[in-house]
Amino acid sequence: MRDRGRGGRERVPVVVQARSGRRGLARVLWFAAETVVTCGVLILLLVVHQLWWTNQQARAEAGERVAVLEREWDISPPEAGGSSGASGASGDAVGASPAPEEPAPVGGSSAAPSARPSSGGAKPSPAPARTPSGETFAVLRIPRIGLTVPVAQGISKSKVLDKGYVGHYPGTAAPGRVGNVALAGHRNTHGEPFRYVNRLRKGDEITLRTREGTYTYRVDQILPVTSPRDTGVIQPVPRSIVKPSYGYSKAGSYLTLTTCTPEFTSRYRLIVWATLRR
């Protein structure tokens, strides 16, 4: 029975249809939540790929390459030295500035470092004969940090460092020769061979094995932080041009390790120097 108000007018009840509006809002919120979760999962997978999977792949490849090299050397005679190849620069290398793409590792790169002799320095001896960019020719061992890794010619991201190898700066000395054997390696991701080089201390031994023999170097100096453009550290007589109190003043047989610092950045470079003992 309809209600009649004053004046005899009929009152019609008004029903507010709010249910459909609430359903629409719920759908929007559900879609937004799904999008956020999906993006989070994708980011997590990307982080896992970069920080874990690339390490597993690179370490496996590097370990296999070490085994192949040493097996070959055990059954084949030594070869004479020759000229070195060339390659692009990398973010863990000296002379490289950050850039998001090739040929940079961790922090990126844009220009190859200069490895030419400075005035008054010793002329660097060549790397092993006919060694093209990306080809492995030595095995680096650092007992202090449990590292065994192949050394390849050049410091290209794609050809060398992302494979878990350590890269040899083109134009710098060959292992065991007078001059400076300058090497670069990833600090993080892709095998991260130089992850713990900051733990090295004066007197620690580093060996480089090639087809010609095994050469032992002893850590002598550590430059904790310098500019990516400090190319003095890889000269035949290495000396920092940013912090001149670090380095050497006379010719000798040196080994230089370069990598990025702090970890997960390419803002600065960490340098370890060693001298040949035998």
**Report entry** Local electrostatic count, Gly203, Cβ distance below 15 Å [Lys/Arg +1, Asp/Glu -1]
**Finding:** +4
Report summary line: Here, trypsin sites (Lys or Arg not before Pro) of region 193-252 satisfying both criteria (DSSP loop; at most 13 other Cβ within 10 Å) are Arg201, Lys202, Lys250
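What FRET efficiency comes out for Arg144 versus Ala32 if R0 is 41 angstrom and r is the Cβ-Cβ distance? Round to the nearest 0.05.
Details: r = 51 Å, r/R0 = 1.25.
FRET efficiency, Arg144 to Ala32: 0.20.
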Query raised in the report: Around Asn188, what is the net charge, scoring Lys/Arg as +1 and Asp/Glu as -1 over all other residues with Cβ under 10 Å from its Cβ?
Result: -1
Query raised in the report: Say each of Arg199 and Ser245 gets a label point 7 Å from the Cα, pointing the same way as Cα to Cβ; how far apart are those two points in nm?
Result: 2.8
Report task. Pull out the extension gain between Gln57 and Arg218, defined as 0.36 nm times the separation in residues minus the alpha carbon to alpha carbon distance; nm, one decimal. Result -> 54.9 nm
Query raised in the report: Under a Cβ-Cβ cut-off of 11 Å, what is the net charge of the residues other than Val233 that fall near it, where Lys and Arg count +1 and Asp and Glu count -1?
Result: +3
**Report entry** Residues whose placed amide H lies under 5 Å from that of Ile155, excluding near-sequence neighbours
**Finding:** Ser87, Gly88
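Shape verdict for region 133-276, please, from the Cα gyration tensor: rounded (a/c under 1.5), prolate (a/b greater than b/c) or oblate. Don't skip to the answer; put the middle values down first.
Values: a/c = 1.33, a/b = 1.06, b/c = 1.26.
Taking the square roots of the gyration eigenvalues as a ≥ b ≥ c, region 133-276 is rounded.
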Query raised in the report: So if we plug the beta-carbon distance of Thr265 and Glu64 into 1/(1 + (r/R0)^6) with R0 = 25 Å, what FRET efficiency do we get, rounded to 0.05?
Result: 0.25
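Readers should treat all values here as calculations from the given coordinates under stated rules, not as data from a laboratory. These numbers come from a predicted model, not from an experiment. Quick reminder, even Gly has a Cβ in these numbers, built from the backbone with ideal geometry, and neighbours come from all protein chains shown.
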